[in-house]
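S.K.: Pasting in a structure now, in structure tokens, and then I'll have a few things to ask.
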Amino acid sequence: MEMTDAAGRSADGARAASPVIDIHTHIGVPSSPDTDDGIATCRKLAARAGIDMIVNLTNLGADPGSGYVAEPTPRQIRASNDMACRLAQEHSDFIVSFCHLNPAHDPAFLDEEIDRCIRTGPCRGVKLWIAVRASDRRLDPILEQVAELGVPVLQHSWYKSVGQYPGESTPADVADLAARHPAATVIMGHLSGSRWHGILDAKPYPNLMVETSGGQPDGGLVKYAVQQLGPERVLFGSDWPGRHFGVQRARVDAAGLAEDDARLVLGGNAARLLKIGGHRNV
Ligand SMILES: [Zn+2]
């Protein structure tokens, strides 16, 4: 793997291209099955948008036909993580998987999943959704492990005018999590749900990054995130198949970022975080 600095420059100063990496997708949900055909469709659509690799957060639809599972059981977690490991192994040129956890489960079970999926398995991060709010101390054992392993945790977050789901985190909850665990890298999910307020919540914590997915693109939001947090703390994410790869990439392409900053957001930061080599597309 070629050594580069944060802006993607190699030791001789030449700028190396980074792969374009989408930090937020879901395979294994009803509209993106984990079959060979499902993966082939995903690859084709991603390639059309110039996306080289995706991070599969898997968590939804752990049982065929069950749809969205807000509070997965240990059995559903195991099934979802089995799929995550298999996809990461079978499609290692395209898919990076995160292991999904429910912080309400017994810490011994959480350890077991982290061990088999990350410590000795192919997963490179943890996804947390809406089972437990990020301000809850039950997340602490998970964060201690990810800090030790040097992998990120991506926590869904949203400010909703219609009210949160019972276990749904606000950006302020995620900022609280990052403050409690300064040695861990935390990714605040859904910039379009966090919005301007969420960016300011994240700002004091250098171990807290944001990813650009959520809703449709808002003019000025990605640029504001880069201005407030610096280009190293913003990651491109689409939330495919809930959203369109091309539309979601366009929010970064059209944000008016400096070329080096856009490279970091589109893939340089994710490559650094996930320890991915290889240089394509950008
Ligand atoms: Zn999602």
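The values are calculated or read from the model by the stated rules, or taken from the named source; none is laboratory data. Just so it is clear, the model here is predicted, and its values are computed rather than measured. For neighbour counting, all protein chains shown are included, and Cβ atoms are generated from backbone atoms with ideal geometry for every residue, glycine included. The area values use the complete protein model at the heavy-atom level, side chains included, leaving out ligands, DNA and RNA. Shrake-Rupley method; radii C 1.70, N 1.55, O 1.52, S 1.80 Å.
S.K.: Tell me the residue from TYR224, TYR205 that is of a type in the set (Phe, Trp, Tyr) and either crowded, with 24+ Cβ neighbours inside 10 Å or within 29 Å of ASP115 (Cβ to Cβ) (or both), please.
M.R.: Just one listed residue meets the conditions, TYR205.
S.K.: Say we look at the stretch 210-221 and pick out the residues that are open to solvent by less than 10 Å² (accessible area, probe 1.4 Å) and within 16 Å of the ligand (Cβ to nearest atom); which of these is modelled with the lowest pLDDT?
M.R.: Going through the stretch 210-221, the residues open to solvent by less than 10 Å² (accessible area, probe 1.4 Å) turn out to be 210-214, 221.
Within this subset, residues satisfying the condition of being within 16 Å of the ligand (Cβ to nearest atom) are 210-214.
Details: VAL210: 98, GLU211: 98, THR212: 98, SER213: 97, GLY214: 92.
Per the stated criteria, the residue is GLY214.
S.K.: Taking VAL146 as the residue in question, decide whether it is part of a helix (DSSP H, G or I) and touching a residue at least 24 places away in the same chain (Cβ under 8 Å).
M.R.: Numbers: part of a helix (DSSP H, G or I): yes; touching a residue at least 24 places away in the same chain (Cβ under 8 Å): yes.
Judged against the criteria, VAL146 is a match.
S.K.: Test of understanding: among GLY167, GLY246, which residue is small (Gly, Ala, Ser), away from the ligand (no atom under 16 Å from the Cβ) and touching a residue at least 12 places away in the same chain (Cβ under 8 Å)?
M.R.: Just one listed residue meets the conditions, GLY246.
S.K.: Does any residue of the stretch 233-243 turn out to be farther than 30 Å from ASP34 by Cα, away from the ligand (no atom under 16 Å from the Cβ), part of a helix (DSSP H, G or I) and over 18 Å from the mean Cα position of the chain (by Cα)?
M.R.: For the stretch 233-243, residues farther than 30 Å from ASP34 by Cα, away from the ligand (no atom under 16 Å from the Cβ), part of a helix (DSSP H, G or I) and over 18 Å from the mean Cα position of the chain (by Cα): absent.
S.K.: So ALA147 ticks every box in (1) in contact with a His (Cβ under 9 Å, 6 or more places away or on another chain); (2) open to solvent by less than 10 Å² (accessible area, probe 1.4 Å) but one. Which box is left unticked?
M.R.: Answer for ALA147: the failing condition is (2).
S.K.: Has the stretch 186-207 got at least one residue that is of a type in the set (S, T, N, Q), touching a helix residue (DSSP H, G or I) at 6+ places or on another chain (Cβ under 9 Å) and not in a loop (DSSP other than H, G, I, E, B)?
M.R.: Yes: one or more hits.
S.K.: From the list ALA202, ALA175, ALA184, which one is within 16 Å of VAL265 (Cβ to Cβ), under 18 Å from the mean Cα position of the chain (by Cα) and more than 16 Å from the ligand (Cβ to nearest atom)?
M.R.: That would be ALA202, the only listed residue that is within 16 Å of VAL265 (Cβ to Cβ), under 18 Å from the mean Cα position of the chain (by Cα) and more than 16 Å from the ligand (Cβ to nearest atom).
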